[in-house]
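Report on one structure; see the data block that follows.
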Amino acid sequence: MMWRNIAGFSKAAAAARTHGSRRCLSTAIPGPCIVHKRGADILHDPWFNKDTGFPLTERDRLGLRGLLPPRVISFEQQYDRFIESFRSLERNTQGQPENVVSLAKWRILNRLHDRNETLYYRVLIDNIKDFAPIIYTPTVGLVCQNYSGLYRRPRGMYFSAQDKGEMMSMIYNWPAKEVDMIVITDGSRILGLGDLGVQGIGIPIGKLDMYVSAAGINPQRVLPIMLDVGTNNEKLLQNPLYLGVRQPRLEGEEYLEIIDEFMEAAFTRWPKAVVQFEDFQAKWAFETLERYRKKFCMFNDDVQGTAGVALAGLLGTVRAQGRPLSDFVNQKIVVVGAGSAGLGVTKMAVQAVARMAGISEIAATKNFYLIDKDGLVTTERTKIDPAALPFAKNPAEIREGASIVEVVKKVRPHVLLGLSGVGGIFHEEVLKAMRESDSCKPAIFAMSNPTLNAECTAVDAFKHAGGNIVFASGSPFENVELENGKVGHVNQANNMYLFPGIGLGTLLSGARIITDGMLQAAAECLASYMTDEEVQKGILFPSINNIRHITTEVGAAVLRAAVSDDIAEGHGDVGPKDLSHMSKEDTVNYITRNMWFPIYSPLVHEK
Ligand SMILES: NC(=O)c1ccc[n+]([C@@H]2O[C@H](COP(=O)([O-])OP(=O)(O)OC[C@H]3O[C@@H](n4cnc5c(N)ncnc54)[C@H](O)[C@@H]3O)[C@@H](O)[C@H]2O)c1
Ligand SMILES: O=C(O)C[C@H](O)C(=O)O
Ligand SMILES: [Mg+2]
C-alpha cells in the first residue's frame, strides 16, 4: 500500500522513507532489539509496543498471545489509520477556536507518543511540516500553560529543591542504561510566556522530539529534565492543580547548589551525554553557561543556538540584497531585546564582523543598536547589565532610552531584529519607518515565540514595510500574497535549524565540551545551505521538510570543527584517528549511518 503524508509526499518524507527502506533491504531484516520484559508489560511500554503490529510468532515468543485482537495489522496500515483519525479530528473541529483545535491535535499525538513511539516518530518525521507546530512551537507553549490540567502520564525526570543530596541516587531511577541527549529547563522563561514553573517540562519534551525527528537520536536515549526550584508565578502558586513545588524560586547559592548537584549526577551516570540548557531566565542562562561550558558537554540553545540561526539569517539578507558577504560589516542592525537571546545574537554577529573586517570586537559594535524594555541602551544607562555594556551607544549619537521608532528613523537600519518576547511592538509606525531603510531589501526578523508574542505578523510586515522586505519569524506564519501577485516569503528563524545538529555532531565526535569553533561551524553551514536563487527570492532558511538533511549537514560541520579543535575523542567503535581521516563526505555518511529511523525491530526477550 502507498503511504501518504498529510500534504502528499514531501521531498524530505520521501527521502526519509527511501533511507528507511534502504536500511531494511541492506540488512534484510532490521536488527533485533533486546527487551527485558514480557506480556502485558511490553504492551504498556511505548518504547517496545507495536500494538496490533506484533507478528504472531512474536506474540508467542513474548507471551502476548490472546492479549491482542487476532488480526495482525501492518506498520503501513497502522500509519494510515492514525493519519485518518487525525484528518477526521481536523474535520470534526472545523470552526472551533484555534486554541481548542491545537490542543485537540496535541492530545491525539501525545496519546500516540505515550502508546507507541515507533509509530509516533514515523508519523512525525513523515509529516514534520504539519506536526512540528503542534509538538513544538507554537502549540507547545499552550501545552505548558495548561500542563497541570493536561497531565496524564509522567515523561522525563523531575528534580526539585526537596531532592537536595539525593540526586546522585535518583538519576539511577531512569530506566534507560544509556542516555545521549538531555534537555533541561528550570521553567523560568518559557518562550515569551514567562515563568511557568514545573509546567515548562513541555519544552524539553518538544525539543527532544525534534532531536529524534531531525537528528535521528534514538528516543530510548533522550531525557527531558525539569529542575523545579519553585516559581514566582503567583497564579500558578494559587492554582490547586499546580504540580510543582509551591514556593518562590530559589536564588543565589541555593539555586546553584541544586543545579551543580544535578550536573554532577547526570555526568557521573552518563559521562558522554550532551546537555542542552533551555528557557532559563537570562541571568541563569549566562551564569550556568559560563559555569559549565568548560567542565561539561553542554550548551545553551537560547543563547548559542539562536545566535547561529540569526547570524545565518543576517548573512542571508546580505546575499538577498545581491551584495557580497563581505558587505555584512556595513550592515546596520537594530536588535530589540537584550536578554539571553538578543545578547547572544548580538555577540555572535559582532564577532563575525570583527573576523570579516579584521578589526577589534569593540570597533565591530559600531553598527549595532541594542534596545531593551527601557529603550536604546547607551553608556548613560544607570545599572547597566554588564553583558550589554559592550554594545551601549554613545548618547551623543542617539539619546539614552530612545524608542524603537526613534532609533529606526535615525539609523535607517538594514535589519530590525526582535527577541523581546513582546507581541506587536513592531507596530505600523515602526514598520513604515523601515521603508526608509538604507537597504534595498530591508530585513525584519520577528523572532519571539509563540505566535502572539511575535514582534509583528508576516502580513503586517509586508503590508507596512513593503513587498521588498525579507521576513523571518520564530513561530511559523503562512507566506503572504502581495498585491502585485508575487509571494512574500516567510522564513522560520528558529533555533530548531541548529540545535539538533549541534547535539548530534557533538555526540558523534565524542567531544567533552562544545567550543565556539563548533558553534560557528554550525552557523556557517546553515548560512551556506540555501542557493543564490532561493536567497534572491527572500528564502533564507530551508523548508522544515528538509530538517533531517540540514541537521545531517550541520552535524557533520560540528563534528569536523571538533576534529579541527582537537577535542574529538570518538564514539563507539570509531576512534579519534578514524574521525580525523574522514573526508567531508565520509563524515556525512558516518552521521547518516548513526541516525535512528523508526521501523519495527524484532523483539528478543532476555531475562
Ligand atoms: N526564534 C528563536 O529561535 C528564539 C530563540 C530564543 C528565544 N526566542 C524568543 O525570544 C524572546 C526573548 O527570549 P530571551 O531569552 O532573550 O528573554 P529574556 O527575558 O532574557 O529577554 C527579553 C528582553 O526583551 C526586553 N524587552 C522587554 N520588553 C520590551 C519592550 N517593550 N521593548 C523592547 N525590549 C523589551 C527585556 O528588557 C529583555 O532584554 C522569547 O519570546 C523567546 O521565545 C526565540
Ligand atoms: O522554542 C523555540 O521555538 C525557540 C526558542 O528556543 C525559544 O525559546 O523561543
Ligand atoms: Mg528556548
Which one of these is open to solvent by 10 Å² or more (accessible area, probe 1.4 Å), aliphatic (A, V, I, L, M) and either part of a loop (DSSP other than H, G, I, E, B) or within 12 Å of ligand 1 (Cβ to nearest atom) (or both): A307, A338, A363? A338
Within region 452-494, the residues that are of a type in the set (A, V, I, L, M), within 16 Å of ligand 1 (Cβ to nearest atom) and farther than 19 Å from L142 by Cα are A458, A461, V470, A472, V490, A493
I need the full set of residues from region 310-351 which are within 17 Å of Q492 (Cβ to Cβ) and within 16 Å of ligand 3 (Cβ to nearest atom), in order please. A310, A341, V345
Of the residues P390, P395, P413, only one is of a type outside the set (A, V, I, L, M, F, W, C), touching an Asp or Glu at 6+ places or on another chain (Cβ under 8 Å) and buried (at least 17 other Cβ atoms within 10 Å of the Cβ); which? P413
Hey, could you check region 425-435 for residues that are open to solvent by less than 40 Å² (accessible area, probe 1.4 Å) and either within 28 Å of G141 (Cβ to Cβ) or outside any helix (DSSP H, G or I) (or both) and say which is nearest to ligand 3 (Cβ to nearest atom)? F426
Top-ranked residue of region 190-223 - restricted to ones that are closer than 21 Å to G503 by Cβ, within 12 Å of ligand 2 (Cβ to nearest atom) and part of a loop (DSSP other than H, G, I, E, B), ranked as least open to solvent (accessible area, probe 1.4 Å): I190
Kindly indicate the residue of region 245-282 that is open to solvent by 30 Å² or more (accessible area, probe 1.4 Å) and within 16 Å of ligand 2 (Cβ to nearest atom) and also nearest to I184 (Cα to Cα) among those meeting that condition. Q281
Unmet criterion (only one of (1) in a loop (DSSP other than H, G, I, E, B); (2) buried (at least 22 other Cβ atoms within 10 Å of the Cβ)) for E400: (2)
Would you point out the residue of region 173-189, among those that are among the acidic types (D, E) and more than 16 Å from ligand 1 (Cβ to nearest atom), that is most open to solvent (accessible area, probe 1.4 Å)? E178
Qualifying positions in region 436-447 - within 11 Å of ligand 1 (Cβ to nearest atom) and either touching a Ser or Thr at 6+ places or on another chain (Cβ under 6 Å) or part of a strand (DSSP E or B) (or both): F445, A446
Take region 571-582 and flag every residue that is open to solvent by less than 70 Å² (accessible area, probe 1.4 Å) and either farther than 20 Å from E178 by Cβ or touching a Ser or Thr at 6+ places or on another chain (Cβ under 8 Å) (or both). H571, P576, L579, S580, M582
Log entry, pairs with first residue in region 475-502 being in contact (Cβ under 8 Å) with a residue 40 or more places away in the chain, second being open to solvent by 70 Å² or more (accessible area, probe 1.4 Å) and within 11 Å of ligand 1 (Cβ to nearest atom), beta carbons closer than 9 Å, six or more apart or on different chains, reads S475/L452
Somewhere in region 554-575, is a residue closer than 28 Å to I125 by Cα, in a helix (DSSP H, G or I) and in contact (Cβ under 8 Å) with a residue 60 or more places away in the chain? yes
Does region 483-501 include one or more residues that are closer than 30 Å to G575 by Cα and open to solvent by 50 Å² or more (accessible area, probe 1.4 Å)? no
Within region 583-606, track down each residue that is surrounded by fewer than 18 Cβ atoms within 10 Å (Cβ to Cβ), more than 27 Å from the chain's Cα centre (by Cα) and among the hydrophobic types (A, V, I, L, M, F, W, C). V604
When region 75-97 is examined, which residues are found to be open to solvent by less than 30 Å² (accessible area, probe 1.4 Å) and in contact with a helix residue (DSSP H, G or I) (Cβ under 9 Å, 6 or more places away or on another chain)? F75, Q78, Y79, F82, I83, F86, T93
When you go through (1) open to solvent by less than 50 Å² (accessible area, probe 1.4 Å); (2) under 29 Å from the mean Cα position of the chain (by Cα) one by one for M356, which number turns out not to apply? (1)
Just to verify a result, which residue in region 436-464, among those that are aliphatic (A, V, I, L, M) and open to solvent by 50 Å² or more (accessible area, probe 1.4 Å), is farthest from ligand 3 (Cβ to nearest atom)? V459
From the list L419, L376, which one is within 16 Å of ligand 2 (Cβ to nearest atom) and buried (at least 24 other Cβ atoms within 10 Å of the Cβ)? L419
E290: surrounded by fewer than 17 Cβ atoms within 10 Å (Cβ to Cβ), within 16 Å of ligand 1 (Cβ to nearest atom) and without any contact (Cβ under 8 Å) to a residue 60 or more places away in the chain, yes or no? yes
Just to be sure I understand the filter: pairs with C-beta atoms under 8 Å, separated by 6 or more residues or on different chains, first member in region 421-436 and closer than 13 Å to K409 by Cα, second member assigned to a loop (DSSP other than H, G, I, E, B) and open to solvent by 40 Å² or more (accessible area, probe 1.4 Å). Which pairs pass? E436/R412
Do you know which residues across region 525-569 are hydroxyl-bearing (S, T, Y) and more than 16 Å from the chain's Cα centre (by Cα)? S528, Y529, T531, S564
Can you tell me which of (1) without any contact (Cβ under 8 Å) to a residue 12 or more places away in the chain; (2) closer than 19 Å to V140 by Cα is the one Y211 doesn't meet? (1)
Is there a residue being under 29 Å from A176 (Cβ atoms) and open to solvent by 20 Å² or more (accessible area, probe 1.4 Å) anywhere in region 224-242? no
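The values are calculated or read from the model by the stated rules, or taken from the named source; none is laboratory data. Owing to the predicted nature of the structure, the values given are computational and were not obtained by experimental measurement. In this analysis, Cβ positions are derived from the backbone assuming ideal geometry, glycine residues included, and neighbour counts consider all displayed protein chains. Protein only, heavy atoms only, side chains kept; ligands, DNA and RNA dropped before computing areas. Shrake-Rupley method; radii C 1.70, N 1.55, O 1.52, S 1.80 Å.
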